[in-house]
Amino acid sequence: MTNSIKIIVITLITFTIVSCDKDDDISCTQITWYEDTDDDGLGNPDVSTTACQQPDGYVDNADDDDDSTSITASCDDKSGVEQLVCLAETYLDLLSSSQLSEAQLTYSVSTAQEWSNLPVGNVPRPGLGFTDMSSTQLAAAKALLIAASGTTENEGWDEIEQTLNADDYLKDNGGGNGYGSGLYYLAILGTPSTTDTWEIMFGGHHFAFANTYSGGVLAGGTPSFRGIEPMGTFTYDGTTNQPLNQEQAALAAMLQSLSSTELASAELSGTWNDLLVGPQEDDNFPSSNSGIQVGNLSTAQKELVMTAIQTYVFDIADDDASDILSTYEAEIEDTYIAYSGTTGVDAIGDYVRIDGPSVWIEYSVQNGIILSDPHPHSVWRDKDGDYGGN
């Protein structure tokens, strides 16, 4: 009589039956394991491997939203630029000598100026690419960027993540391998310090982040470039994204608050198809103001102008943003707003500008490149603070 044994395995883990050893006829269950860098029992959904046995440092779930805690724990008791220095040093210490030669460069304005809106295949960026980092290095890089960015919803780091999602969306919807979140580059210009000048430079397609520090404070958080394709709200990998919706809505509300007479004063002549002071156009500020002076507007309208400005300044760390906004608010009476196209700021050819003694913001709606719908380019500059005032 032949005995039979029925084995029932109930699991939530997707598996396949494979041979564990080509010289061994015994089959095993190959399981997906997720990296657990911070040893909290929760796995990183972005870093996985398959194996018959549990690898060291991996778990069988993908439930961790932030797997960088242990890497940067030594910086948790610090704040401000001191914390950024700690995080930058932690990141750099994780790199090999060849990686370090790409990731840390001598500080110079000429290197800081090597940003662009174009894909990196058209304009290479300084620094080390996300795709060239290990999961641990990537977690440390992101921890640095998070600390240097704002915490407001859909701004700061939240906006960065959504921009990366947009480029992954483009990659999967016609853009191909010239696009994607792996093609963003982080460079440390100079030596992280609470005394000397150095910069966190991060960029890729449709994105430029340039925080310059000197003497232990933020000397400048610009130029700051943002673009997005697809425009508006889109879903990627089950997540809803709207990285520049806030900017577009705030600028539209600002313009739509103007009377017909005020709109006539604010309207620019001609058509505007791109930014005036975009990439490699550092000295292209107009010699005189155009549009309508904010000092001639009502209190409610002035508040709408400040709200639009906030959607840009909130991209940098909260305390630094507060300081910069104080300056812009003090200069609001001498700030001008101007536009071309429609006040909806959502059609090809629509253009808006905020031009103050210090602040400069532009938003331009253009033809789609990969997709058929239009897409915006936008830049925040500071006439005194670009590249840390250098």
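I'd like the full set of residues that are farther than 22 Å from V313 by Cβ and in contact with a strand residue (DSSP E or B) (Cβ under 7 Å, 6 or more places away or on another chain), limited to region 129-161. G129, S135, A141 - these are the residues of region 129-161 that are farther than 22 Å from V313 by Cβ and in contact with a strand residue (DSSP E or B) (Cβ under 7 Å, 6 or more places away or on another chain).
Is at least one residue of region 202-225 assigned to a strand (DSSP E or B), in contact with a His (Cβ under 8 Å, 6 or more places away or on another chain) and either in contact (Cβ under 8 Å) with a residue 24 or more places away in the chain or closer than 18 Å to K142 by Cβ (or both)? Yes, region 202-225 contains at least one residue that is assigned to a strand (DSSP E or B), in contact with a His (Cβ under 8 Å, 6 or more places away or on another chain) and either in contact (Cβ under 8 Å) with a residue 24 or more places away in the chain or closer than 18 Å to K142 by Cβ (or both). At least 1 residues being touching a Phe, Trp or Tyr at 6+ places or on another chain (Cβ under 7 Å), touching a residue at least 12 places away in the same chain (Cβ under 8 Å) and not hydroxyl-bearing (S, T, Y) is the threshold, and among the helices (runs of 4 or more DSSP H) wholly inside region 64-137 those reaching it are 80-93, 109-112.
Being closer than 30 Å to Q280 by Cβ and buried (at least 20 other Cβ atoms within 10 Å of the Cβ) holds for only one residue in N44, N122, N117, and it is N117. Considered as a group, the residues in region 163-187 that are within 14 Å of T239 (Cα to Cα) and hydrophobic (A, V, I, L, M, F, W, C) include one that is farthest from the chain's Cα centre (by Cα), and that residue is A166.
Of the residues in region 129-148, not one is more than 28 Å from D36 (Cα to Cα) and small (G, A, S). Restrict the check to region 177-184 and report whether at least one residue is in a helix (DSSP H, G or I) and without any contact (Cβ under 8 Å) to a residue 24 or more places away in the chain. Scanning region 177-184 turns up at least one residue that is in a helix (DSSP H, G or I) and without any contact (Cβ under 8 Å) to a residue 24 or more places away in the chain.
Throughout, read-outs are computed from the coordinates displayed, never taken from laboratory work. Computed from a predicted model, the values in this text were never measured in an experiment. Ideal geometry is used to build each Cβ from the backbone, glycine not excepted, and the neighbour counts take in all protein chains shown.
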